[in-house]
Amino acid sequence: MADIDNLNAIATQVRRDILRQTHACQSGHPGGSLGCADFLVALYFEIMKHDPAFQMKGEHEDMFFLSNGHISPVWYSVLARANYFPVAELSTFRRLNSRLQGHPATHEGLPGIRVASGSLGQGMSVAIGAALAKKMNGDDRLVYVLTGDGELQEGQVWEAAMFAPHHKVDNLIVTVDWNGQQIDGSNEDVLSLGDLEGKWKTFGWTVLHMDGNDISDIIRVMAEAKAQTGQGKPICILMKTEMGYGVDFMMGTHAWHGKAPNDEQLANALSQLEETKGDY
Amino acid sequence: MIDINSLSADQKKATRDGFGEGLQIVGQQNPDVIGLCADLIGSLKMQAFIKDSPERFIQVGIAEANMMGIAAGLALSGKIPYACTFANFATGRVYDQIRQSIAYSHKNVKICASHAGLTLGEDGATHQILEDLGMMKMLPGFTVINPCDAQQTKEAAIAIADHDGPVYLRFGRPSWPMFTPEGSFQIGKAIQFNEGSDVSIFATGHMMWYAIEASKALIKEGISVDLHNIHTIKPLDETAIIDSVSKTGCVVTAEEHQMNGGLGDSVAQVISQHCPAPLEYVAVNDSFGESGKPDQLLAKYGLSVDNIIASAKKALKRKG
């Protein structure tokens, strides 16, 4: 049985880490990171079987790929809190000579990262390759990938979306961070995603819905998703989140997609989030 | 040393046929080799590999960006993916995917690209990529190989499996003379075809055969040619180039590629640092191709045997 209170406490700490990372370097993407904190905490602390003694090949463990690499602050925080590297290293985010690059990279050898991402639309394809390798190797663990919603405007996503059902890549769970926002405004204003559920379904995916800011719902839906793997179809979870979730003035707007808080804003934001696991 | 006078165009085979043979062999030798193709199995001569190892072949469909990503995912899982399509779609179309998911991420992917250059022929300029060597050699960590005949392509297709790192292997469509000695290919090692003291000729890909014919003619005229095949554009065999140019004092490069960014540029970088000397380029000069027969196109765009001969004489004259 999941300890929801503890997972929520970790997520609160992760939110503090996100704000402090982006504030310290005065850059980065806090909005989407805050929105996905609950999902990534649930994934790494409850759902996935994984080993912080990181091995690139990920044999006999679940693998996660972050396609919308700009929400690196949340991933770095979760990886650090899950013992992939010291939490103190979060203070190096986006600084010279850091392993915590602006967008996730393997180049500096940061444990937990298997491929660079940031240029959008590429993560699903890489995840499919890893999922196919697992099938070839008789490894029954799963491959997870998170993609943004604005990212779905990239054509490569739909190449991958067509491929996975055709090749019965049924050990793959794609989650779409459906916060409805992107840099220039709402998805609806920039380039409408239309009937998102219908699109995935007609491509041949099993589609589930999830509240990405409710850890109990995340655990419930991810369990359902897991139960539906191995049945010939890849799984897509449309995860509703709120950009900036957990910080009142960052919610309900796309303004905090790629903007760091100043000193005053940081203090205000941190006052809304209890230090549950110790700041780095 | 090879006797270039003994080399003839009697035996012909397309470099892509050599690739297909090499892929089959390396597939038998190495269970980690995975073939991927974007709807061009026949053109890339992959049938024998697929027949041997259907479980290790992935048909991606006409979706090259996805193919590069899948290849990266297979590679990080320990597989050795051979991602195969036409050179135009294997590079320019998917450059960002290669750059981020493969090159920057250090993935052991082999991009195998056929139908490069003008000799693709009738399909015309949309498919005749002449910029691929430049694009691929600029990516940090990439090895770039442009074999000159079917035998060399076969050996390269086998050798790249044992090379740990991303590789761009570029070959072509037409039936072409086959002349390289068996067992002569080694990644990064130029092959000397003739020893001489007047002019260095460095050729890559299909142009190597023309360089041999040009050298034969130049030698008949009493010009001593130091002829090398540079199949590996990166890493470049700098020692072979410096040794040769230090001796001859002038250079001709020949390639089926844009002058900008090709073998000639790489050679120019090396000699400008170590042994400055006049260099004449036999390459496409800032132009797209067009439909036509391979030999017609090579002639029209300045890539003929006569162009190499004239360039050698010009280089000699500039040397003074």
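Where a number appears in this text, it was derived from the coordinates with a stated rule and is not lab data. Predicted, not measured: the structure shown is a model, and the values here were computed from it. Cβ placement follows ideal geometry from the backbone for every residue including glycine, while neighbour counts extend to all protein chains displayed.
Tell me, rounded to the nearest percent, the portion of alpha carbon pairs in region B:184-319 spaced more than 18 Å apart.
Numbers: 4433 of 9180 pairs.
Counting pairs separated by more than 18 Å, the tail of P(r) holds 48 percent.
Rounded to the nearest 20 debye, what is the charge dipole size of region B:12-175 about its Cα centre when +1 sits on each Lys and Arg Cβ and -1 on each Asp and Glu Cβ? Display every interim value, and only then the final one.
Details: 15 positive and 16 negative charges, 12 e Å.
Result for region B:12-175 is approximately 60 debye, rounded to the nearest 20.
For chain B, give me the percentage of DSSP beta bridges that are antiparallel, rounded to the nearest 5 percent. Mind showing how you got there, number by number?
Details: 8 of 42 bridges.
Among the beta bridges of chain B, antiparallel pairing accounts for roughly 20 percent.
Just the number, please: percent antiparallel of the DSSP beta bridges in chain A, rounded to the nearest 5. The partial results should precede the final answer.
Numbers: 2 of 24 bridges.
Roughly 10 percent of the DSSP beta bridges within chain A come out antiparallel.
Once you order the gyration tensor axes a ≥ b ≥ c over the Cα atoms, which shape class does region A:6-126 get: rounded for a/c under 1.5, otherwise prolate or oblate by comparing a/b with b/c?
Values: a/c = 1.38, a/b = 1.12, b/c = 1.23.
Because its axes are fairly even, with a/c under 1.5, region A:6-126 counts as rounded.
Using DSSP H assignments, which helices in chain A have an axial alpha-carbon span of 24 Å or above and a mean Kyte-Doolittle hydropathy of 0.5 or higher? Can you show the working numbers first?
Details: long enough: A:4-25 (32 Å, -0.27).
Span-like helices in chain A: none at all.
Summing Lys, Arg as +1 and Asp, Glu as -1, what charge do residues with Cβ under 14 Å from the Cβ of B:ILE62 carry, B:ILE62 excluded?
That works out to -2.
Okay, helix-only estimate at 222 nm for chain A: each DSSP H run of n ≥ 4 adds -39500 (n - 2.57), divide by all residues, round to 500 deg cm²/dmol; what do you get? Walk me through the intermediate numbers first.
On the way: 9 runs with 105 residues, N = 280.
It lands at -11500 deg cm²/dmol.
What value in Å³ per residue do you get for the convex hull of the alpha-carbon atoms in region B:12-175? Could the numbers behind the result be given before it?
Details: hull volume 15.2 nm³, N = 164.
Cα-based convex hull of region B:12-175, divided per residue, equals 93 Å³.
For the protein assembly as shown, what are the per-bin percents of Cα-Cα distances with bins 20 Å wide, up to the bin holding the maximum?
Calculated over all Cα pairs of the protein assembly as shown, the distribution is 20, 44, 27, 9, 0 percent.
Figure the gain on full extension for A:ASP248 and A:ASN97 (residue separation times 0.36 nm, minus the Cα-Cα span) and round it to one decimal in nm.
Details: separation 151, 0.36 × 151 = 54.36 nm, distance 3.38 nm.
Full extension from A:ASP248 to A:ASN97 adds 51.0 nm.
I'd like the antiparallel share, as a percent to the nearest 5, of DSSP beta bridges with both residues in the protein assembly as shown.
On the way: 10 of 66 bridges.
Percent antiparallel among DSSP bridges in the protein assembly as shown is about 15.
Suppose R0 equals 51 Å. What FRET efficiency, 1/(1 + (r/R0)^6) with r the Cβ-Cβ distance, do A:GLU59 and B:LYS317 give to the nearest 0.05?
Numbers: r = 63 Å, r/R0 = 1.24.
Efficiency at R0 = 51 Å is approximately 0.20.
Quickly rank B:206-216, B:292-302, B:21-31 as a protection proxy: mean count of other C-beta atoms within 10 Å, highest first.
Values: B:206-216: 25.8, B:292-302: 17.7, B:21-31: 20.3.
Packing order, densest peptide first, comes out as B:206-216, B:21-31, B:292-302.
Would you tell me the mean number of C-beta atoms belonging to other protein chains that fall within 10 Å of each C-beta in B:97-105, as a whole number?
Working: counts 6, 0, 2, 11, 9, 3, 2, 7, 11.
Mean partner-chain Cβ count within 10 Å for B:97-105: 6.
Taking amide H positions as placed 1.01 Å from N in the peptide plane, with prolines and chain starts having none, which residues 5 or more places from A:MET63, or on another chain, fall under 5 Å of its amide H?
Those qualifying (amide H under 5 Å, at least 5 residues apart or on another chain) are A:LEU142, A:VAL143, A:TYR144.
Kirkwood Rh over alpha-carbon pairs of chain B, then Stokes-Einstein at 4 °C and 1.567 mPa s: what D in µm² s⁻¹, rounded to an integer? If you can, show how the numbers build up before the last one.
Working: Rh = 19.4 Å.
Translational D for this selection: 67 µm²/s.
In the Gaussian network model of chain A, springs joining C-alpha atoms below 10 Å, which of A:ALA227, A:ALA269, A:ALA11 carries the largest mean-square fluctuation?
The residue with the greatest mean-square fluctuation here is A:ALA227.
For the charge dipole of region B:224-320, defined by +1 on Lys and Arg C-beta atoms and -1 on Asp and Glu C-beta atoms about the Cα centroid, which residue among B:ILE241, B:PRO294, B:SER311 has the Cα displaced farthest towards the positive pole?
Value: B:SER311.
Within 10 Å of each Cβ in B:31-38, how many Cβ atoms from other chains are there, averaged over the peptide?
Values: counts 1, 2, 0, 4, 0, 2, 0, 1.
Mean partner shielding for this stretch: 1.
Distances longer than 31 Å among the Cα atoms of region A:4-271: what percent of all pairs is that?
Values: 6673 of 35778 pairs.
The proportion of pairs with Cα distances above 31 Å equals 19 percent.
Output the pairs from A:LYS168/B:LYS51; B:LYS45/B:LYS154; A:LYS57/B:LYS234; B:LYS247/B:LYS319; B:LYS154/B:LYS300; A:LYS57/B:LYS79 with a Cα-Cα distance over 18 Å in this structure; if there are none, say none.
Numbers: A:LYS168/B:LYS51 21 Å; B:LYS45/B:LYS154 12 Å; A:LYS57/B:LYS234 28 Å; B:LYS247/B:LYS319 12 Å; B:LYS154/B:LYS300 30 Å; A:LYS57/B:LYS79 10 Å.
Violating the 18 Å Cα-Cα cut-off are A:LYS168/B:LYS51; A:LYS57/B:LYS234; B:LYS154/B:LYS300.
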